[in-house]
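Chemist: Pasting a structure here, questions to come.
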Amino acid sequence: MNSDLNPTSASSPTSPASAYVVGLDAGGTRTRAVLAPVRAGDADAEGGGWGEGVGGPGNALTVPGARLTEHLVEALAHAVPEGLRSRVVAVAGGFAGASRTAPDEPGRVKAHAALTVALSRLGIAAASVEIHSDIEAAFASAPGNPADGLALVAGTGAVAARITARACTTTAGGDGWLLGDDGSGFWIGREAARVVLRMADGRGGPTALATSVGRALGVPEDVLPGETSGAYGDGSWTRARREAYRMHLLPAVMAEPPVHLAGLAPLVTEAARGGDPVATGILETAADHLTSTLRALAPRPGERIVATGGLLGPDGPLTAPLSARLDPLGLTLDWVADGSQGAVALARLGYGR
């Protein structure tokens, strides 16, 4: 299987002035597709401009192949109007769970197979189709489309990588919900579930998360702890109510795929902003994990770190604590919204080779 087909523009019946590329950012939560002119700065001759579409999760390792194909079709169909599909000359996808370390790397093979089927189903016969990791696409999204530096993703999952010549050469973290992703949205959500269970069985201290997490998971109101901080330690949350709380919360957690625990992360942020020490401790520890992940790549003072993911945006809960840890190392974060613009840049580069 050839996953990187790179013709010259002369071999395409579509002239550069009317040709398009598609960039895909396929992550653990959603898949985003962006349509753009093949030449940066070109406007669509017909005035249509760029197109965007969103589909379901695109992790190449954890999403079943058929479902991954459907999510790609959904995103591509919304991004590329039917009348422009014959004019798409290059597609590049940045996929969570994919790697360019070897041609037969499982995530890369699966992503290419799903993307090939999705493009065929929509009648998009792009000559250049390339698979990249999501972190490579995110790094390329930074201003100037850099080729070398460090990248950090902290969203549903968490991984850092050294990028050399636009390829990921070394990674730290990113080992998935079962073995790693320390400091990620999943990790924060799982910690929230763990601390409330510890509070309920007497192993942990009081936290407002017991109420917010319980409600989010459908625990009946009559077994939740009281609303005021005093209710957590004044004996009103009886052993019987705490046992009932656990009996409801555990099945609710187990009924969903593990990654759904990432949905509890915003509750930790909210509780921390309200002064809850347990929630604040979770976020501080998450920032410690991300710092350790970056340090594993031996960053040099002043080296560029391109960061993406909801935990590290302008209002991200880990932006300030992580920045405080990186500042003494002479490092700063350069945040990008996602990898879709980088994927567009990589598609253009692939088509031009």
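Chemist: Out of 352, 313, I need the residue that is open to solvent by less than 20 Å² (accessible area, probe 1.4 Å) and at pLDDT below 95. Which one?
Modeler: On inspection, the qualifying residue turns out to be 313.
Chemist: In segment 130-149, how many are surrounded by fewer than 24 Cβ atoms within 10 Å (Cβ to Cβ) and either touching a Ser or Thr at 6+ places or on another chain (Cβ under 7 Å) or closer than 22 Å to residue 180 by Cα (or both)?
Modeler: 1
Chemist: Looking only at strands (runs of 3 or more DSSP E) that fall completely inside segment 147-239, which ones have 2 or more residues that are not aliphatic (A, V, I, L, M)?
Modeler: 158-164, 167-173
Chemist: For segment 288-302: of the residues being in a loop (DSSP other than H, G, I, E, B) and not basic (Lys, Arg), which is most open to solvent (accessible area, probe 1.4 Å)?
Modeler: 301
Chemist: Mind checking which pairs have a first residue in segment 277-288 that is within 18 Å of residue 309 (Cα to Cα) and a second that is outside any helix (DSSP H, G or I) and not hydrophobic (A, V, I, L, M, F, W, C), Cβ under 6 Å, 6 or more apart or different chains?
Modeler: If the second residue must be outside any helix (DSSP H, G or I) and not hydrophobic (A, V, I, L, M, F, W, C), the pairs left are 283/317; 286/183.
Chemist: State all residues of segment 264-279 that are crowded, with 17+ Cβ neighbours inside 10 Å and outside any loop (DSSP other than H, G, I, E, B); if no residue qualifies, say none.
Modeler: 264, 265, 266, 267, 268, 269, 271, 272, 278, 279
Chemist: Could you give every pair whose Cβ atoms fall below 7 Å, whose first residue belongs to segment 158-169 and is aromatic (Phe, Trp, Tyr), and whose second residue is part of a strand (DSSP E or B) and surrounded by fewer than 23 Cβ atoms within 10 Å (Cβ to Cβ), counting only separations of at least 6 or pairs across chains?
Modeler: So the pair list comes out empty.
Chemist: Would it be correct to say that residue 313 is at negative phi, out of contact with any Pro (no Cβ under 7 Å at 6 or more places or on another chain) and not in a helix (DSSP H, G or I)?
Modeler: yes
Chemist: Related question: Criterion first (among the small types (Gly, Ala, Ser), loosely packed, with under 14 Cβ neighbours inside 10 Å, under 30 Å from residue 299 (Cβ atoms) and within 31 Å of the chain's Cα centre (by Cα)) does residue 165 satisfy it?
Modeler: yes
The values are calculated or read from the model by the stated rules, or taken from the named source; none is laboratory data. On a predicted model such as this, the values are computed, not experimentally measured, just so you know. Here Cβ is always computed from backbone atoms with ideal geometry, including for glycine, and neighbour counts include all displayed protein chains. Side chains are part of the model used for accessible areas, which takes the heavy atoms of the whole protein and leaves out ligands, DNA and RNA. Shrake-Rupley method; radii C 1.70, N 1.55, O 1.52, S 1.80 Å.
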